[in-house]
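Student: A single structure is presented below for examination.
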Amino acid sequence: MKLPLSWIREYVDVTEDIQTLCKKMVDIGLEIEEVVYLGEKVNNIVVCQIVDVMQHPNAERLLCCKVDIGGEIIPIVTNDHRVQVGNKVPVALHGATTANGISIKKGKMRGEESFGMFCGPEELGITADYYPGADVDGVLILQDDAVVGSDIRKVVGIDDYVLDVCVTSNRQDCNSVLGLAREVAVALGKTCKEPDVSYSECDAYTRDLVKAEVHDFDVCPSYFMQGVVDVKIEKSPIWMTSRLAKVGLHGINNLVDITNYVLYEIGQPMHAFDQNDISDNTIIVRRALPDEKIIPLDGKEYTLTTEDLVIADKTRAVGLAGIMGGANSGIKDTTTTVLFESATFARGNIRRTSRRLGLRSDSSARFEKGIESATNLLGLNRALHLVEQLGAGKIAKGAYCLGKMPENKTIVFEQSRIKKLLGITIAKNRIVSILESLNIKTAVENGVVTCIVPPYRDDISRDCDIIEELIRVYGYDNITGTLMEKSRITSGGKTEKHTYCDKIRSILTGLKYNECIFYPFGGSALFEKASIKPIDESKYIRVMNPIGEELSLMARSLAPNMLQCVGLNLSRKNNNLRLFEVGKAYLAEELPLTKLPTEKQRVSICATEVSFESFRDDVLQVVYAFTNSGVSLVRAESDCLHPGICANILIDGENCGVFGKLHPQVANNFDIQVDCYYAELCVDKLLAHKRGAIKFNAISKFPSVTRDFAFVCDEDVAVQNILDEFLCLPLVESATLFDVYRGEQLGQNKKSIAISVVFTDATKTLQDKEIEKQSGKALRSIQEKYGIVLR
């Protein structure tokens with residue numbers, strides 16, 4: 001909302017500077033987006049009076065003038081032959097700047113001195129809306145009352161500020177100069193004058209000029225109309241057109257300008273109908289007929305539906321309600337009788353029609369935000385006052401007042417509610433003074449606050465709204481920090497799960513992995529790519545209002561988004577990837593959902609161009625953050641991993657995760673052409689097995705003994721099974737694989753594996769016979785179970 005400071009001063013005695021005014025407006029909740037000084041680019045231009053005019057001796061197209069700038073006579077050379085002795089004109093002196101960016105310096109023109117330049121409307125940045133005669137192409141001839149030597153900005157009306165105020169959607173009353181003037185008065189602690197709405201009526205009657213009907217009060221709750229006779233179509237006075245120009249409107253004629261003036265001053269959109277164009281002198285507010293046509297003032301034809309609201313006469317639509325009048329009933333130079341309309345239309349109806357037709361106006365913008373019936377009558381009366389003030393016609397007696405009439409609202413609440421909501425106590429007399437300044441009549445008796453809210457404050461309907469108005473004026477800075485009732489100060493902190501998730505992040509980033517964050521949903525096409533089996537879409541939770549089909553299902557695994565990310569990075573030559581995500585899988589007990597789904601906290605880890613062993617060690621680092629006892633690896637099968645190169649991670653027999661090499665088919669689906677390993681761990685299960693306090697075991701004083709064993713076995717024999725036979729022995733500290741060999745001499749589908757076993761005893765030095773006894777026990781078990789012997 002553009003707000004000229006000069007217009008505000010019509011209602012509030014603003015003596016403060018612009019910075020103080022803006023600060024106080026912001027303090028009570030208004031947002032000032034921009035402050036523009038209209039005369040910012042115009043400097044050192046004053047009013048002068050021409051005292052002598054002579055022909056330039058060296059140029060027939062130039063004149064040499066002498067001008068009085070207020071106690072000093074200076075020479076000016078000009079090419080405008082309209083100037084005469086006695087004329088008062090703007091002159092830009094040495095060092096001046098003009099609105100169109102010209103800098104003025106004194107000098108000589110064809111041998112004659114010129115101490116400046118006469119200015120026209122272009123140099124001052126004005127039009128005929130600002131000053132009479134400013135529509136000429138040349139020097140601006142000022143009126144006789146211009147004071148010689150005075151600043152031209154004051155003379156032509158650009159010594160003014162325009163504030164661009166952002167008005168929130170709930171404060172439709174502030175979409176007007178009057179509404180913002182009320183706020184300025186509150187901010188400055190001053191009084192806001194009410195607009196003059198007085199006028200006298202002639203002998204004519206509105207009901208003799210027109211018959212008004214409303215057929216659909218659900219979309220037109222209130223409708224007012226009054227006639228004006230003996231209309232004189234003339235140019236509006238400068239004081240009106242200059243104000244309209246400052247808010248971005250161009251003056252047209254007195255009657256049209258009055259409706260625009262009331263729109264910005266009162267916030268009430270109005271329309272003026274030429275009574276001669278109204279068939280059967282009847283105005284009907286109704287819904288449009290199917291495929292009804294109308295040509296509004298923009299000159300385009302529109303086809304309407306039965307959802308659109310129109311103003312019609314007996315034969316046709318003569319206006320789009322709340323949006324734009326019809327070209328067939330607008331004001332013309334021959335208009336003699338005018339019907340002023342002021343109404344409230346349903347904001348939703350106006351918004352839908354405006355958007356469907358692609359037709360917007362200042363009126364529709366305000367109706368979309370809401371107009372109260374109290375503003376209808378005020379706007380109509382203000383327009384009639386201006387008609388009389390400008391001598392534009394005679395006001396007919398009586399007005400049509402159809403529909404809902406404005407009413408005050410009464411809100412009663414306990415005074416203790418103020419402290420309960422704000423946490424502070426405000427004195428009784430301060431409560432009354434603040435709310436009275438907002439035109440809310442208030443009484444506080446026996447701890448009860450009674451407020452009578454004016455009808456133009458549609459945003460106030462409950463006690464909390466009153467308290468909000470109270471604190472924004474009292475000052476948010478006066479609110480002190482207090483605890484809620486029965487609350488206490490806590491140290492805060494994270495849950496155990498969040499703490500361990502942070503620990504996982506720390507471990508993996510320490511291993512040079514980068515964290516990824518993905519959407520927790522995807523599409524069936526993506527999930528199909530991450531599995532070697534067809535997915536059962538009925539097991540997935542479907543998003544009710546998805547952005548698209550590719551984001552319509554909640555993820556049951558973290559693999560699809562991770563593998564899609566790997567494929568994308570590899571396609572862009574980002575190799576040697578180390579990625580992880582701490583996310584959630586969404587599992588439903590039954591579908592359709594009858595309760596919230598189970599959200600499983602999981603960790604996905606992915607790496608390319610690494611060995612199985614190194615990736616396994618990275619994954620186990622995460623597992624060991626929770627526990628290092630009871631951990632075992634068992635060959636597994638997975639929908640996305642290689643059947644022979646993947647394993648489940650068991651802790652005390654419970655499956656807590658899986659890792660392995662990506663299945664070739666899945667890798668091909670994501671265009672992953674390098675070795676890629678993937679792991680997915682369930683954080684909730686890891687937490688269930690987390691270790692207690694860490695116990696320290698002293699390092700043995702006695703030396704350990706290492707024995708290497710080599711076996712030839714079938715390809716399908718899992719190495720972990722052989723290692724487990726040694727690890728279960730009481731004297732074995734560790735057992736690790738250090739070599740795998742395959743060759744023709746071993747035979748088809750055979751492999752040779754070499755493992756290293758470390759034996760130790762914390763109480764004594766081991767003897768060979770003890771080691772042989774232990775290893776012999778393991779070798780016999782291996783032979784019995786798997787038919788494997790030493791190589």
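Student: Could you check how many residues of region 632-651 are outside any strand (DSSP E or B), in contact (Cβ under 8 Å) with a residue 12 or more places away in the chain and either under 17 Å from LYS503 (Cβ atoms) or out of contact with any helix residue (DSSP H, G or I) (no Cβ under 6 Å at 6 or more places or on another chain) (or both)?
Tutor: So the count comes out to 3.
Student: Further, regarding this structure: Identify, by number, the condition in (1) at pLDDT 85 or above; (2) open to solvent by 40 Å² or more (accessible area, probe 1.4 Å) that LEU579 doesn't meet.
Tutor: (2)
Student: What is the one condition in (1) open to solvent by less than 30 Å² (accessible area, probe 1.4 Å); (2) under 45 Å from the mean Cα position of the chain (by Cα); (3) among the polar types (S, T, N, Q) that SER114 does not satisfy?
Tutor: (2)
Student: Please verify whether SER629 is open to solvent by 50 Å² or more (accessible area, probe 1.4 Å), assigned to a loop (DSSP other than H, G, I, E, B), of a type in the set (Gly, Ala, Ser) and under 19 Å from LEU727 (Cα atoms), treating the condition exactly as stated.
Tutor: Spelling it out, SER629 is indeed open to solvent by 50 Å² or more (accessible area, probe 1.4 Å), assigned to a loop (DSSP other than H, G, I, E, B), of a type in the set (Gly, Ala, Ser) and under 19 Å from LEU727 (Cα atoms).
Student: Output the residues belonging to region 289-328 that are among the acidic types (Asp, Glu) and either touching a His at 6+ places or on another chain (Cβ under 8 Å) or at pLDDT 90 or above (or both).
Tutor: Once the filter is applied, which keeps residues that are among the acidic types (Asp, Glu) and either touching a His at 6+ places or on another chain (Cβ under 8 Å) or at pLDDT 90 or above (or both), region 289-328 yields ASP291, GLU292, GLU301, GLU307, ASP308, ASP313.
Student: Just to be sure I understand, how many residues within region 509-527 are in contact (Cβ under 8 Å) with a residue 60 or more places away in the chain, open to solvent by 70 Å² or more (accessible area, probe 1.4 Å) and not in a strand (DSSP E or B)?
Tutor: Count: 2.
Student: Quick check on my filter: what residues within region 360-379 are part of a helix (DSSP H, G or I) and open to solvent by less than 30 Å² (accessible area, probe 1.4 Å)?
Tutor: Answer for region 360-379, where residues must be part of a helix (DSSP H, G or I) and open to solvent by less than 30 Å² (accessible area, probe 1.4 Å): SER363, SER364, ALA365, ARG366, PHE367, GLU368, SER373, ALA374, THR375, ASN376, GLY379.
Student: Only residues that are crowded, with 18+ Cβ neighbours inside 10 Å and either within 20 Å of LEU687 (Cα to Cα) or not hydrophobic (A, V, I, L, M, F, W, C) (or both): list them for region 588-615, please.
Tutor: Selection gives GLN601, ARG602, VAL603, SER604, ILE605, THR608.
Student: For the condition in contact with an Asp or Glu (Cβ under 8 Å, 6 or more places away or on another chain) and in contact (Cβ under 8 Å) with a residue 12 or more places away in the chain, what is the one hit in GLN665, GLN621, GLN601?
Tutor: Residue meeting the stated conditions: GLN601.
Student: Could you tell me which of the residues CYS656, CYS646, CYS676 is surrounded by 21 or more Cβ atoms within 10 Å (Cβ to Cβ) and under 21 Å from LEU737 (Cβ atoms)?
Tutor: CYS646
Student: Return only the number of the condition from (1) assigned to a helix (DSSP H, G or I); (2) open to solvent by less than 20 Å² (accessible area, probe 1.4 Å); (3) farther than 22 Å from THR375 by Cβ that VAL444 does not satisfy.
Tutor: (1)
Student: Moving on. Look at region 572-596 and say how many of its residues are within 35 Å of the chain's Cα centre (by Cα) and touching a residue at least 24 places away in the same chain (Cβ under 8 Å).
Tutor: Residues flagged as within 35 Å of the chain's Cα centre (by Cα) and touching a residue at least 24 places away in the same chain (Cβ under 8 Å) within region 572-596 amount to 11.
Student: Also, I was wondering about something else. What number of residues within region 332-359 satisfy the criterion of being aliphatic (A, V, I, L, M), surrounded by fewer than 21 Cβ atoms within 10 Å (Cβ to Cβ) and not in a helix (DSSP H, G or I)? Let's see the steps before the verdict.
Tutor: Let us first name the residues in region 332-359 that are aliphatic (A, V, I, L, M), namely 338-339, 343, 346, 350, 357, 359.
This time we only want the ones that are surrounded by fewer than 21 Cβ atoms within 10 Å (Cβ to Cβ), so: 346, 357, 359.
Next, from what is left, pick out any that are not in a helix (DSSP H, G or I): 346, 359.
So the answer is 2.
Student: Something else now. Counting only residues that are surrounded by fewer than 18 Cβ atoms within 10 Å (Cβ to Cβ) and among the aliphatic types (A, V, I, L, M), give me the helices (runs of 4 or more DSSP H) lying completely in region 681-791 with at least 3 of them.
Tutor: Of the helices (runs of 4 or more DSSP H) lying wholly inside region 681-791, none has at least 3 residues that are surrounded by fewer than 18 Cβ atoms within 10 Å (Cβ to Cβ) and among the aliphatic types (A, V, I, L, M).
Student: Looking at region 460-508, which of its residues are over 28 Å from GLY583 (Cβ atoms), surrounded by 10 or more Cβ atoms within 10 Å (Cβ to Cβ) and of a type in the set (Gly, Ala, Ser)? Break it down stepwise before answering.
Tutor: Residues of region 460-508 over 28 Å from GLY583 (Cβ atoms): 460-491.
Filter again for surrounded by 10 or more Cβ atoms within 10 Å (Cβ to Cβ), leaving 460-476, 478-479, 482.
Result: SER461, GLY475.
Student: Does region 548-591 hold any residues that are closer than 14 Å to CYS606 by Cα and assigned to a helix (DSSP H, G or I), and which are they?
Tutor: Listed by number, the residues that qualify are ALA559, PRO560, ASN561, MET562, LEU563, GLN564, CYS565, VAL566, GLY567, LEU568, ASN569, LEU570.
Student: Tell me which residues, restricted to region 677-690, are out of contact with any Lys or Arg (no Cβ under 7 Å at 6 or more places or on another chain) and closer than 15 Å to MET562 by Cα. Before you say what the answer is, go through the steps one by one.
Tutor: Keep residues of region 677-690 that are out of contact with any Lys or Arg (no Cβ under 7 Å at 6 or more places or on another chain), which gives 678-679, 685-686, 688-690.
Matches in region 677-690: TYR678, ALA679.
Student: Continuing with this model, one more query. Just one of VAL139, VAL47 is surrounded by 13 or more Cβ atoms within 10 Å (Cβ to Cβ), at pLDDT 90 or above and within 30 Å of GLN19 (Cβ to Cβ); which is it? Write out each step before concluding.
Tutor: On the way: VAL139 fails: within 30 Å of GLN19 (Cβ to Cβ).
Selected residue: VAL47, the only one of VAL139, VAL47 that is surrounded by 13 or more Cβ atoms within 10 Å (Cβ to Cβ), at pLDDT 90 or above and within 30 Å of GLN19 (Cβ to Cβ).
Student: Please specify each residue of region 183-198 satisfying the condition of being crowded, with 18+ Cβ neighbours inside 10 Å and closer than 29 Å to ALA392 by Cα.
Tutor: Passing the criteria: CYS192, PRO195.
Student: Can you confirm whether region 277-293 contains a residue that is of a type in the set (Ser, Thr, Tyr) and open to solvent by less than 10 Å² (accessible area, probe 1.4 Å)?
Tutor: yes
Yes/no per residue for (1) more than 36 Å from the chain's Cα centre (by Cα); (2) surrounded by fewer than 22 Cβ atoms within 10 Å (Cβ to Cβ):
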| site | (1), (2) |
| --- | --- |
| THR206 | yes, no |
| ASP216 | no, yes |
| VAL219 | no, no |
| VAL228 | yes, no |
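Student: So, in region 692-728, how many residues would count as being without any contact (Cβ under 8 Å) to a residue 40 or more places away in the chain and aliphatic (A, V, I, L, M)?
Tutor: Qualifying residue count for the region: 6.
Student: Just give me the residues in region 447-459 being exposed (fewer than 13 other Cβ atoms within 10 Å of the Cβ) and not in a strand (DSSP E or B), in sequence order.
Tutor: If the condition is that a residue be exposed (fewer than 13 other Cβ atoms within 10 Å of the Cβ) and not in a strand (DSSP E or B), then GLY447 is the only one that fits.
Student: Name the single residue, out of those in region 398-437 being outside any helix (DSSP H, G or I) and small (Gly, Ala, Ser), that is modelled with the lowest pLDDT.
Tutor: Top of the filtered list is GLY423.
The values are calculated or read from the model by the stated rules, or taken from the named source; none is laboratory data. On a predicted model such as this, the values are computed, not experimentally measured, just so you know. Don't worry about glycine lacking a Cβ; one is built from the backbone with ideal geometry, like all the others, and counts go over all protein chains shown. Surface accessibility is based on the protein's heavy atoms, side chains included, excluding ligands, DNA and RNA. Shrake-Rupley method; radii C 1.70, N 1.55, O 1.52, S 1.80 Å.
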